[in-house]
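See below for the structure under consideration.
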Ligand code: GDP
Ligand code: FE
Ligand code: FE
């Protein structure tokens, strides 16, 4: 069994902890993201250990209550305006701090990739891109066009991430949901990669 030095716990202990935080289906999703994030890291020459750990942990805070997010925002002096967003945005933008608090994870590259996994960012690292894309294409995903996303991810992280962002924005607009500014910035930076032949 793997031992995570920076978390001071074994994989077994970590999996038990994650399972105490999220329902079984979400736990399976996190394991699937871990796996494909590792594969993407291999394909695109990134750090496989970091990609797998970020993938495994990315939705750790998805089931926190709004009050818990408010507490994290206050304790860490984050911008109050975050409180106007729901759990969909907060589980990444604020949730990474819960991982830091609970697990003692201090690896800033991993924490940043988790922070950015829902909205992306105008300037993403390869690790950020891998977690963002892995979340979208893991084997349990079965929305229309997931195969298209997987094909893009086989050739280019930029194309795949642009595709996720475009589809997410289309979906949000159709539902009359607000777009988080960073989501739009991700779209503006990366959409050009989908236009190139
Ligand atoms: P999941 O946690 O594995 O379900 O995946 P994500 O973290 O990528 O996305 C969580 C949810 O956030 C999805 O339902 C997205 O549609 C939603 N989401 C992504 N970007 C935005 C945004 O800019 N605004 C809003 N309102 N929701 C968003
Ligand atoms: Fe998420
Ligand atoms: Fe996810």
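List of remarks:
- Residue count for the range 118-148 satisfying the condition of being more than 13 Å from ligand 2 (Cβ to nearest atom) and part of a loop (DSSP other than H, G, I, E, B): 11.
Residue-by-condition table, conditions (1) part of a helix (DSSP H, G or I); (2) at pLDDT 95 or above; (3) out of contact with any strand residue (DSSP E or B) (no Cβ under 7 Å at 6 or more places or on another chain); (4) buried (at least 16 other Cβ atoms within 10 Å of the Cβ):
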{"position": "14", "(1), (2), (3), (4)": "yes, yes, no, yes"}
{"position": "17", "(1), (2), (3), (4)": "yes, yes, yes, no"}
{"position": "27", "(1), (2), (3), (4)": "yes, yes, yes, yes"}
{"position": "37", "(1), (2), (3), (4)": "yes, yes, yes, yes"}
{"position": "42", "(1), (2), (3), (4)": "yes, yes, yes, no"}
{"position": "56", "(1), (2), (3), (4)": "yes, yes, yes, yes"}
{"position": "83", "(1), (2), (3), (4)": "yes, yes, yes, no"}
{"position": "96", "(1), (2), (3), (4)": "yes, yes, yes, yes"}
{"position": "99", "(1), (2), (3), (4)": "yes, yes, yes, yes"}
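- Residue that is surrounded by the most Cβ atoms within 10 Å (Cβ to Cβ) [pool: residues in the range 117-126 that are farther than 10 Å from residue 157 by Cα and more than 10 Å from ligand 1 (Cβ to nearest atom)]: 124
- Evaluated against (1) within 13 Å of ligand 1 (Cβ to nearest atom); (2) assigned to a helix (DSSP H, G or I); (3) touching a helix residue (DSSP H, G or I) at 6+ places or on another chain (Cβ under 8 Å), residue 22 falls short on exactly one condition, (2).
- Top-ranked residue of the range 58-70 - restricted to ones that are over 26 Å from residue 12 (Cβ atoms) and exposed (fewer than 15 other Cβ atoms within 10 Å of the Cβ), ranked as farthest from ligand 2 (Cβ to nearest atom): 67
- Test for residue 109: is it at pLDDT 95 or above, closer than 21 Å to residue 32 by Cα and more than 16 Å from ligand 2 (Cβ to nearest atom): yes
The values are calculated or read from the model by the stated rules, or taken from the named source; none is laboratory data. Everything numeric in this text was worked out from a predicted model, so none of it was measured. For neighbour counting, all protein chains shown are included, and Cβ atoms are generated from backbone atoms with ideal geometry for every residue, glycine included.
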